Amino acid sequence: MATSVRDVAVAAGVSVGTVSNVLNRPEKVAPATVERVMAAIDELGFVRNDAARQLRAGSSRSIGMIVLDAGNPFFAAVARGAEARADADGLSVLLGNSDENAAREAGYLELFREQRVNGVLITPASDATENLERLRGAGIPVVLVDHEIAGSELCSVSVDDVEGGYLAAEHLLQQGRRRLAFVGGPPTIAQVTNRLEGARRAVAEVAGARLEVIEMPTLTVLNGRAAGEAIVAREAADRPDAIFAANDLLAVGLVQGLTILGGLRVPDDIALIGYDDIDFASATVVPLSSVRQPAEEIGHTAVELLLKTIADPDGKYERRVRFRPELVVRESSAG
Ligand code: RIB
């Protein structure tokens, strides 16, 4: 039977927490105690990975999850998929909302490290690489959700957003639209910049087509509505004839700003497509075209990958899962 972390603690005459500190934060432990614990580890033939796993076994039987916007139905669906898979293994999901704020995100990462959760799922609001590596150093695995970091060892489950942006713009161009606008959010959100890159590639393939970028502070219904009102306030000749919104919440707000407040017609005056295909997309006053992300499947797969990483950190399995986006055409862009 494998030597347990508790065996090491008894042999060294220290607590399990001290063994954890020696394994993860030796700088916080008196040198003589470190020496005693390491001697016990050597004597008992204790295996480090096993130590991390067994220490987590005593943890809170939970997974930490940090989303960009808890008010966005897309992340609610991702969380639902994650919770269903976690529950099957008797784990709970502790949900944190960064609200696209780097400081809040860092606070949740520290909380989950202190809580010694079994693992962390995160859609980063910023370049959180340093904090994420610190979590891994503490023996807490991380899976990136709806995002991947090029060149990183971090596992990830995402959608090809460049392809998704291309599909959205290509669809508008196929409707004969040529004056496109991309209504997006802060460039710190990689999903937004990848969707814009895809749209740029599609526009570059059509002579006479152009793409204007309208950046909003956050990707919300209210900001979509404000963008719509600003577009309506322009001279007709200065308005785009089609809009690609970086997500469905912006698109829902744009429908309000363009039609109810601005008196324009969608799609007749301005065609519109969003991204995510949230449940409400088909229920808006003008049913929204969108680019679908398999949200619940993303969440389910992210937990599956996290559990694999916990059970077998050095195992041979696919560490980057990337889904294909799907174009869903409805009244807001067709015809
Ligand atoms: O939070 C902004 C967007 O990023 C969400 O709507 C979803 O598309 C995610 O990828």
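The table for this structure:
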quantity: Scan of the stretch 129-150 for residues that are within 16 Å of the ligand (Cβ to nearest atom) and buried (at least 23 other Cβ atoms within 10 Å of the Cβ), ordered by number; calculated: Val143, Leu144, Val145, Asp146
quantity: Checking His147 against (1) more than 22 Å from Ala190 (Cα to Cα); (2) out of contact with any Leu (no Cβ under 9 Å at 6 or more places or on another chain), the condition it does not meet; calculated: (1)
quantity: Residues located in the stretch 271-288, provided they are touching a residue at least 60 places away in the same chain (Cβ under 8 Å) and either over 16 Å from Pro73 (Cα atoms) or aromatic (Phe, Trp, Tyr) (or both); calculated: Ala271, Leu272, Ile273, Tyr275, Phe280
quantity: Boolean, Ala79 is surrounded by fewer than 17 Cβ atoms within 10 Å (Cβ to Cβ), among the small types (Gly, Ala, Ser) and outside any loop (DSSP other than H, G, I, E, B); calculated: no
quantity: Cβ-Cβ under 7 Å pairs, at least 6 apart or on other chains, the stretch 99-118 side at pLDDT below 90, far side among the hydroxyl-bearing types (Ser, Thr, Tyr); calculated: Glu100/Thr218; Gln115/Ser60; Arg116/Ser59; Arg116/Ser60
quantity: Cβ pairs under 8 Å, 6+ apart, first in the stretch 67-78 and under 14 Å from Val157 (Cβ atoms), second near the ligand (Cβ under 9 Å from one of its atoms) and aromatic (Phe, Trp, Tyr); calculated: Val67/Phe75
quantity: Among residues of the stretch 124-153, those that are assigned to a helix (DSSP H, G or I) and either in the same structural domain as Ile189 (by TED's automatic domain parsing) or touching a Phe, Trp or Tyr at 6+ places or on another chain (Cβ under 9 Å) (or both), counted; calculated: 1
quantity: Residue among Ile243, Ile260, Ile214, Ile278 that alone is out of contact with any His (no Cβ under 7 Å at 6 or more places or on another chain) and over 30 Å from Glu148 (Cα atoms); calculated: Ile260
quantity: The one condition in (1) modelled with pLDDT of 95 or more; (2) assigned to a helix (DSSP H, G or I); (3) over 18 Å from Glu170 (Cα atoms) that Ala202 fails to fulfil; calculated: (3)
quantity: Answer from Asp248, Asp269 - the residue that is more than 16 Å from Val183 (Cα to Cα) and either small (Gly, Ala, Ser) or not assigned by TED's automatic domain parsing to the domain that holds Gly71 (or both); calculated: Asp269
quantity: Conditions (1) surrounded by 19 or more Cβ atoms within 10 Å (Cβ to Cβ); (2) within 15 Å of the ligand (Cβ to nearest atom): number failed by Ser333; calculated: (2)
quantity: Selection from the stretch 151-191 of residues that are more than 18 Å from Pro240 (Cβ to Cβ), within 12 Å of the ligand (Cβ to nearest atom) and not acidic (Asp, Glu); calculated: Val157, Ser158, Val159, Gly164, Pro186, Thr188, Ile189, Ala190, Gln191
quantity: Every residue from the stretch 260-297 that is at pLDDT below 95 and either in a helix (DSSP H, G or I) or not aliphatic (A, V, I, L, M) (or both); calculated: Ile260, Gly262, Gly263, Asp279, Phe280, Ala281, Ser282, Ala283, Thr284
quantity: Candidate set from the stretch 228-254 (those that are hydrophobic (A, V, I, L, M, F, W, C) and more than 16 Å from the ligand (Cβ to nearest atom)); member that is surrounded by the most Cβ atoms within 10 Å (Cβ to Cβ); calculated: Ala242
quantity: Filtered residues of the stretch 5-44 (kept if assigned to a loop (DSSP other than H, G, I, E, B) and either surrounded by fewer than 17 Cβ atoms within 10 Å (Cβ to Cβ) or touching a Cys at 6+ places or on another chain (Cβ under 9 Å) (or both)); calculated: Gly13, Ser15, Arg25, Ala30
quantity: Filtered residues of the stretch 155-172 (kept if without any contact (Cβ under 8 Å) to a residue 40 or more places away in the chain and surrounded by fewer than 20 Cβ atoms within 10 Å (Cβ to Cβ)); calculated: Val162, Glu170
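The values are calculated or read from the model by the stated rules, or taken from the named source; none is laboratory data. No experiment lies behind these values; they were computed from the predicted model shown. Backbone-built Cβ (ideal geometry, glycine too); neighbour counts: all protein chains shown.
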